[in-house]
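Trainee: Pasting a structure here, questions to come.
The values are calculated or read from the model by the stated rules, or taken from the named source; none is laboratory data. These figures come from a predicted structure and were not determined experimentally. Cβ sites come from the backbone with ideal geometry, for glycine too, and all protein chains shown count toward neighbours.
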Amino acid sequence: MPGSERSLRSDALRNRIRILVAAESVFAAKGLDASTDEVARLAGVGIGTLYRHFATKDALLDAVFAGRMQRLVDRADDLARESDAGRAFFDFFAGLLGESPRDRVFTDALARAGLDAEAAATRPDNPLHIAMAQLLERAQRSGQVRPDVSVPDLVSSMFGLVHAMRHAGTATRVRLRTLTIVVDGLRPPAGTQRRVKASVPVGRRRR
């Protein structure tokens, strides 16, 4: 019996993970127009199994949103360990460029669901706020980010960058130019800091 119980718990965990992975893909592609039936089919589970884990579509969307935010936190934490604080800070924003095509639809879905992603990220007790504050403070101490920038400024820039990418589409040159404009706006005035090029996850790295 103990072994059977452990097996059931493992199966339930695997199903939950499959549902979350499928939900992220489906919501990103179709927003809230997607049905939970579509999520269940992609996950390879029955609709009853999906509802045992997530009672409503909103509950499922909340869980997907939490997962996306946690990945941003984990990335910020990893970058905070790098020796070059300026490069770490700007690489965080460059990473958003690679995610933005998917984030565009997902952010729209959050807005339609009445979820304020930007407000959630700017609460001082929010893990993403804390992780971004660490990156920001290190970069400011190194002289590579202007001292008047705050975490709410960063979050606004982050979501603005995501929305800007919808207009750029697959035009890599425009996307890189947009990122450069945002990054340059966060730097101190020319001649007062050492420039660090951000690593751009689209095409070849900029040199």
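Trainee: If R75 satisfies every condition in (1) out of contact with any His (no Cβ under 9 Å at 6 or more places or on another chain); (2) over 25 Å from R18 (Cβ atoms); (3) at pLDDT 65 or above but one, which is the exception?
Mentor: Result: R75 fails condition (2) only.
Trainee: Next question. In this structure, does T180 turn out to be in the same structural domain as L79 (by TED's automatic domain parsing), modelled with pLDDT under 70 and not basic (K, R)? Explain how you work it out, then say what you get.
Mentor: Values: in the same structural domain as L79 (by TED's automatic domain parsing): yes; modelled with pLDDT under 70: no; not basic (K, R): yes.
Against the criterion (in the same structural domain as L79 (by TED's automatic domain parsing), modelled with pLDDT under 70 and not basic (K, R)), T180 does not qualify.
Trainee: So which residues in segment 185-207 are at pLDDT 65 or above, exposed (fewer than 14 other Cβ atoms within 10 Å of the Cβ) and within 17 Å of L135 (Cα to Cα)?
Mentor: Listed by number, the list holds a single entry, G185.
Trainee: Quick check on my filter: what residues within segment 141-152 are closer than 22 Å to D74 by Cβ and in a helix (DSSP H, G or I)?
Mentor: Of everything in segment 141-152, those that are closer than 22 Å to D74 by Cβ and in a helix (DSSP H, G or I) turn out to be V151, P152.
Trainee: Can you pull out the residues in segment 123-151 that are in contact (Cβ under 8 Å) with a residue 12 or more places away in the chain, within 15 Å of R187 (Cα to Cα) and either surrounded by 14 or more Cβ atoms within 10 Å (Cβ to Cβ) or outside the structural domain of F90 (by TED's automatic domain parsing) (or both)?
Mentor: L135, L136, R138, A139, S142, G143, Q144, V145, R146, V149, V151 - these are the residues of segment 123-151 that are in contact (Cβ under 8 Å) with a residue 12 or more places away in the chain, within 15 Å of R187 (Cα to Cα) and either surrounded by 14 or more Cβ atoms within 10 Å (Cβ to Cβ) or outside the structural domain of F90 (by TED's automatic domain parsing) (or both).
Trainee: Can you tell me which residue among R68, R81, R75 is within 10 Å of the chain's Cα centre (by Cα) and either in a loop (DSSP other than H, G, I, E, B) or under 20 Å from A29 (Cβ atoms) (or both)? First the steps, then the outcome.
Mentor: Numbers: R81 fails: within 10 Å of the chain's Cα centre (by Cα); R75 fails: either in a loop (DSSP other than H, G, I, E, B) or under 20 Å from A29 (Cβ atoms) (or both).
One residue alone meets the criteria, R68.
Trainee: While we're here: Given the criterion surrounded by 14 or more Cβ atoms within 10 Å (Cβ to Cβ), under 15 Å from the mean Cα position of the chain (by Cα), closer than 17 Å to A80 by Cβ and at pLDDT below 80, identify the matching residue among L161, L96, L154.
Mentor: Step by step, each of L161, L96, L154 is checked, and only L96 is surrounded by 14 or more Cβ atoms within 10 Å (Cβ to Cβ), under 15 Å from the mean Cα position of the chain (by Cα), closer than 17 Å to A80 by Cβ and at pLDDT below 80.
Trainee: Now for a separate question. Can you tell me which residue is farthest from the chain's Cα centre (by Cα) among those in segment 40-58 that are modelled with pLDDT of 90 or more and more than 21 Å from R9 (Cα to Cα)?
Mentor: R41
Trainee: Still on this structure: Could you say which residue among D108, D37 is at pLDDT 95 or above and either in a loop (DSSP other than H, G, I, E, B) or over 30 Å from Q144 (Cβ atoms) (or both)?
Mentor: None of the other options fit; the residue is D37.
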